[in-house]
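Data first, discussion second: the structure below is written as structure tokens.
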Amino acid sequence: MCKFSAWMSTLVIAASSVVACPATPMADTWPQRPVRLIVPTGAGATLDVSARLFAERLAERWKQPVVIENRPGADGLTAAAAFASSRDDHTLLFSFAAPVSVFPALHAKLPYDPRRDMVPISWVLDNYVLVAASSSLKVESLQELVKVARSQPGKLNYNASAGALPYVFGDFLKRTGLDMVLVSYREAKLAFQDLTEGRIHVMYLPLTAAVPLAKTGKVRLLAVTNGKRAPMTPEIPTAVEAGFPEFIYEAANGIFGPRDIPAERRDRIAADLRAVAAEPDLVSRLLAIGQPARGTTPAEFASALEEQRAKMEALVKALGKPQGQ
């Protein structure tokens, strides 16, 4: 009996030791079910097409379906709010940066917290923006546009796409001392039509929308405002090259993770995105639709967003709400 009691005591102590010892951390096995990718545009839009190209390749890597959920509306606000409220660790946001880096400067109150609810994972696409002019204006460069506008104060009008663009272009007008009238539209396609017909003289818009307009022969592309020329239109100079060093804006499209995403998972997803963005076939397909691929670390993406947020706050403070907005 004594021997049995001693044996039981040894067994209990051994078992207690196993329980007391900290377990070895298990590797993150995410994803364990289909991943949802929320996109702030309708099906068939350029960003949606890009998201589907990424989704196909991510599904191959993750051995789980990656399903696109389109949530268009309110310039991306609808998608951002839906993403933030989902609180689902298998949902990601594939979006332009405005809901995170621009909207905080434009809206006193948002239905989400940009810093808390949207964790930057990777900047995956470059988005080029440019100045275009109606051919009826008969200008072929940004310098010529400035010269003509300066000679006719208050006579020329323009439209700038939503988000940061009205402020960025407004800052350009202020720096160059130009007086042009902002005309706003509820639908971008109406602005495009008026530009081709000469009812709008100038537009500041994404390159993917501008190139088809230029092919009509009724619109001239004057300058891109990114830091480098666009690969799909290498003949178009940057605004910096045209002599306007302050007229620069880098628009980003990236992937965001949910609040409280583990750092290990965030970094692993970012590494997968960088690998996908380097695949030659994907690179060529994205270039064909005007969306050059890029892959960054979470820290690089977060830094770019903070820089853009600070720039927007300064512009809104300096310019106020643009006329017509």
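Under 8 Å between Cβ atoms, at least 6 apart or on separate chains: pull out the pairs that start in segment 238-251 with a residue that is on the phi > 0 side of the Ramachandran plot and end on any residue that is surrounded by fewer than 21 Cβ atoms within 10 Å (Cβ to Cβ) and of a type outside the set (A, V, I, L, M). Here the result reads GLY243/GLN143, each pair linking segment 238-251 to a residue that is surrounded by fewer than 21 Cβ atoms within 10 Å (Cβ to Cβ) and of a type outside the set (A, V, I, L, M). Within segment 207-219, restricting attention to residues that are out of contact with any Lys or Arg (no Cβ under 9 Å at 6 or more places or on another chain) and not in a loop (DSSP other than H, G, I, E, B), the residue that is farthest from ALA288 (Cα to Cα) is VAL219. Residues of segment 128-172 that are closer than 26 Å to ASP75 by Cα and out of contact with any helix residue (DSSP H, G or I) (no Cβ under 8 Å at 6 or more places or on another chain): ASN157, LEU165, PRO166, PHE169, PHE172. Within the bounds of segment 258-265, is there any residue that is within 15 Å of MET118 (Cβ to Cβ), part of a loop (DSSP other than H, G, I, E, B) and among the acidic types (Asp, Glu)? Within segment 258-265, one or more residues are within 15 Å of MET118 (Cβ to Cβ), part of a loop (DSSP other than H, G, I, E, B) and among the acidic types (Asp, Glu). Pairs meeting the criteria (first residue in segment 41-63 and within 17 Å of THR91 (Cα to Cα) and in the same structural domain as ALA293 (by TED's automatic domain parsing), second residue outside any loop (DSSP other than H, G, I, E, B) and among the polar types (S, T, N, Q), beta carbons under 7 Å, at least 6 apart or on different chains) are THR41/ASN70; ASP48/ASN70.
A count restricted to segment 50-84 and to residues that are within 14 Å of the chain's Cα centre (by Cα) and within 21 Å of VAL276 (Cα to Cα) stands at 2.
For segment 283-322, the set of residues classified as touching a residue at least 24 places away in the same chain (Cβ under 8 Å), within 18 Å of the chain's Cα centre (by Cα) and over 20 Å from PRO114 (Cα atoms) consists of LEU286, LEU287, ILE289, GLY290, GLN291, PRO292, ALA293, ARG294, GLY295, listed by residue number. Tally the residues that are at pLDDT 95 or above and touching a Phe, Trp or Tyr at 6+ places or on another chain (Cβ under 9 Å), restricting the search to segment 80-98. Residues that pass the stated criteria total 12. Residues in segment 97-133 that are surrounded by fewer than 22 Cβ atoms within 10 Å (Cβ to Cβ) and either in contact with a His (Cβ under 7 Å, 6 or more places away or on another chain) or of a type in the set (Asp, Glu) (or both): ASP113, ASP126.
Need pairs with beta-carbon distance below 8 Å; first residue more than 11 Å from LEU77 (Cβ to Cβ) and within segment 101-116, second part of a loop (DSSP other than H, G, I, E, B) and not small (Gly, Ala, Ser); sequence gap 6+ or separate chains. From segment 101-116, the pairs are PRO104/LEU110; ARG116/ARG259. A single member of LEU178, LEU222 is in a strand (DSSP E or B) and not acidic (Asp, Glu), and it is LEU222.
Would you say PHE247 is hydrophobic (A, V, I, L, M, F, W, C) and closer than 19 Å to PRO99 by Cβ? Even if it seems obvious, please write down each step before you answer.
Working: hydrophobic (A, V, I, L, M, F, W, C): yes; closer than 19 Å to PRO99 by Cβ: no.
The answer is no for PHE247.
Kindly indicate whether any position in segment 154-170 is surrounded by 23 or more Cβ atoms within 10 Å (Cβ to Cβ), assigned to a strand (DSSP E or B) and of a type in the set (Gly, Ala, Ser). There is at least one residue in segment 154-170 that is surrounded by 23 or more Cβ atoms within 10 Å (Cβ to Cβ), assigned to a strand (DSSP E or B) and of a type in the set (Gly, Ala, Ser). Considering segment 39-106, the qualifying helices (runs of 4 or more DSSP H), each wholly inside and each with 1 or more residues that are among the basic types (Lys, Arg) and under 18 Å from VAL124 (Cα atoms), run over 46-62. Of the candidates GLY290, GLY295, the single residue that is in contact with a Pro (Cβ under 9 Å, 6 or more places away or on another chain), closer than 17 Å to PHE96 by Cα and assigned to a loop (DSSP other than H, G, I, E, B) is GLY290. Return the residues of segment 170-198 that are in contact (Cβ under 8 Å) with a residue 60 or more places away in the chain and under 26 Å from GLU246 (Cα atoms); say none if nothing qualifies. GLY170, ASP171, PHE172, LYS174, ARG175, THR176, VAL181, LEU182, VAL183, SER184, LEU195 - these are the residues of segment 170-198 that are in contact (Cβ under 8 Å) with a residue 60 or more places away in the chain and under 26 Å from GLU246 (Cα atoms).
The values are calculated or read from the model by the stated rules, or taken from the named source; none is laboratory data. Every value quoted in this text rests on a predicted model; they were computed, and no experiment measured them. As a convention, Cβ positions derive from the backbone with ideal geometry for all residues, glycine included, and neighbour counts pool all protein chains shown.
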